[in-house]
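Shown next, in structure tokens, is the structure this report addresses.
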Amino acid sequence: MKQYGGVIKPKTKRAKRFLDNRASKLTENVKNAMIMKGGNTSMTVTQALKDIYALKKPSAVLYKKKNITRPFEDSTSLEFFSKKTDSSLFLFGSHNKKRPNNLIFGRLFDFHVLDMIELGIEKYNSLSDIKGSKCPEGTKPMLVFAGDAFDHENEHKRLKSLLTDFFRGPVVPSVRLAGLEHVLHFTALEGKIYMRSYRSLLKKSGCRTPRIELEEIGPSFDFILRRTHLASDDLYKTAHKQPKALKPKKKKNISHDTFGTKFGRLHMQKQDLAKLQTRKMKGLRKRRGPAAAAVVAGETSLKSTEVE
């Protein structure tokens with residue numbers, strides 16, 4: 001590939017396909033994640049990175065070598081690896097005396113760090129510690145967030161958005177019932193974040209709807225919130241901006257309620273109720289000619305006798 005005036009022009013078909021895949025699209029590719037460890041790590045951090053990589057596969061890249069960098073002080077190396085692997089998410093693990101068993105979740109916009117949140121591991125159970133059958137690789141998880149902090153506190157709101165981006169998987173048009181078998185549950189309580197992973201089991205219930213049971217499969221984390229680097233409101237709004245082609249066109253006279261039910265409004269001309277066609281009955285039929293005159297005469301004679 002050659003570069004002319006800041007524009008890269010491919011010389012082969014393979015290079016052209018590569019650049020087309022990296023180019024901006026209306027519907028972007030699945031977000032990839034970089035998972036790497038710093039210069040100093042512990043066994044807990046190393047195993048935690050492997051377990052999160054197992055949950056994120058195949059949309060993740062695991063770096064086994066150490067990377068001597070500090071994301072909160074200098075993020076140039078993260079941005080370099082992001083551009084190299086076309087990744088917009090990253091997870092960085094480190095360990096030191098001041099911040100032991102440290103995980104940094106972050107995301108990038110236009111190959112620049114958008115926001116990142118540092119979490120400390122207080123308690124951890126790996127995938128191998130919890131016995132039982134696991135979910136297949138690449139299973140799209142269901143995400144559950146519990147706790148008022150995720151709705152009211154700004155840092156927890158951004159953490160919820162970041163974890164949703166990290167674990168949600170590919171966007172699919174439909175999911176079969178048997179495919180809803182992996183649940184990731186996040187709870188914010190008393191300044192801590194609890195992460196649990198469950199496998200949903202469909203049991204017989206005696207009716208058409210199955211009975212649901214949850215079985216913990218790991219990994220499980222007890223996190224504590226540490227440092228944060230949040231984007232400004234303007235940059236955050238720019239990162240979430242959608243192209244006009246993807247915005248749904250508003251249809252007139254159609255509305256939806258909170259449950260997704262579709263309602264339509266019809267506009268009709270003013271009706272004359274006097275000309276409204278009703279059900280034809282023999283007793284309501286208008287009479288014409290001598291028969292109608294005889295009926296009218298009979299009614300008048302009845303009235304006259306009643307008056308007398």
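The values are calculated or read from the model by the stated rules, or taken from the named source; none is laboratory data. Predicted model, so just to flag it, every value in this text is computed and none were measured. All Cβ positions, glycine included, derive from the backbone under ideal geometry; neighbour counts span all protein chains shown. Keep in mind that these areas ignore ligands, DNA and RNA; they rest on the heavy atoms of the full protein, side chains included. Shrake-Rupley method; radii C 1.70, N 1.55, O 1.52, S 1.80 Å.
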Matching residues in segment 189-214 - criterion: being of a type outside the set (A, V, I, L, M, F, W, C), in contact (Cβ under 8 Å) with a residue 60 or more places away in the chain and open to solvent by less than 60 Å² (accessible area, probe 1.4 Å): Ser197, Arg199
Would you please list the contacts, defined by Cβ atoms under 6 Å and residues six or more apart or on different chains, that run from a residue in segment 176-188 that is farther than 24 Å from Leu159 by Cβ to a residue that is of a type outside the set (Ser, Thr, Tyr)? Glu181/Cys135; Glu181/Arg199
Residue under question is Glu137, and the condition is that it be within 24 Å of Ser88 (Cβ to Cβ), open to solvent by 50 Å² or more (accessible area, probe 1.4 Å), assigned to a helix (DSSP H, G or I) and out of contact with any Gly (no Cβ under 6 Å at 6 or more places or on another chain); does it hold? no
Looking at segment 89-112, which of its residues are charged (D, E, K, R) and surrounded by 15 or more Cβ atoms within 10 Å (Cβ to Cβ)? Arg107
May I ask you to say which residue of Ser59, Ser42 is touching a Lys or Arg at 6+ places or on another chain (Cβ under 9 Å), polar (S, T, N, Q) and modelled with pLDDT of 85 or more? Ser59
Looking at Thr187, Thr164, can you tell me which residue is in a strand (DSSP E or B), at negative phi and of a type in the set (Ser, Thr, Tyr)? Thr187
Applying the selection to segment 10-52, what residues are assigned to a strand (DSSP E or B) and without any contact (Cβ under 8 Å) to a residue 60 or more places away in the chain? Met34, Ile35, Met36, Lys37
All-but-one check, Gly169 against (1) assigned to a loop (DSSP other than H, G, I, E, B); (2) more than 23 Å from Glu137 (Cβ to Cβ); (3) touching a residue at least 40 places away in the same chain (Cβ under 8 Å), failing number (2)
Provide a single number: the residues in segment 28-54 that are of a type outside the set (Lys, Arg) and touching a strand residue (DSSP E or B) at 6+ places or on another chain (Cβ under 7 Å). 16
Condition test on Glu155, is it assigned to a strand (DSSP E or B), open to solvent by 30 Å² or more (accessible area, probe 1.4 Å) and more than 22 Å from Ser87 (Cα to Cα)? no
Screening Asp257, Asp222 for residues that are surrounded by 10 or more Cβ atoms within 10 Å (Cβ to Cβ) and either in contact with a helix residue (DSSP H, G or I) (Cβ under 7 Å, 6 or more places away or on another chain) or not polar (S, T, N, Q) (or both) leaves only Asp222
Please return the ranges of strands (runs of 3 or more DSSP E) entirely within segment 195-283 where 1 or more residues are more than 30 Å from Ile117 (Cα to Cα). 211-216, 254-256, 262-264
Give me a count of the residues in segment 58-71 that are more than 19 Å from Gly106 (Cβ to Cβ) and either in a loop (DSSP other than H, G, I, E, B) or more than 31 Å from the chain's Cα centre (by Cα) (or both). 2
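Let's see how each residue does on (1) of a type in the set (S, T, N, Q); (2) surrounded by 14 or more Cβ atoms within 10 Å (Cβ to Cβ):
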{"position": "Ile8", "(1), (2)": "no, no"}
{"position": "Lys16", "(1), (2)": "no, no"}
{"position": "Ser24", "(1), (2)": "yes, no"}
{"position": "Asn32", "(1), (2)": "yes, yes"}
{"position": "Met43", "(1), (2)": "no, no"}
{"position": "Leu55", "(1), (2)": "no, yes"}
{"position": "Lys64", "(1), (2)": "no, no"}
{"position": "Asn67", "(1), (2)": "yes, yes"}
With respect to Phe259, is the statement that it is within 24 Å of Thr164 (Cβ to Cβ) and of a type in the set (A, V, I, L, M, F, W, C) true? yes
Quick one: in segment 74-121, which of the residues that are part of a strand (DSSP E or B) and among the acidic types (Asp, Glu) is nearest to Gly169 (Cα to Cα)? Asp115
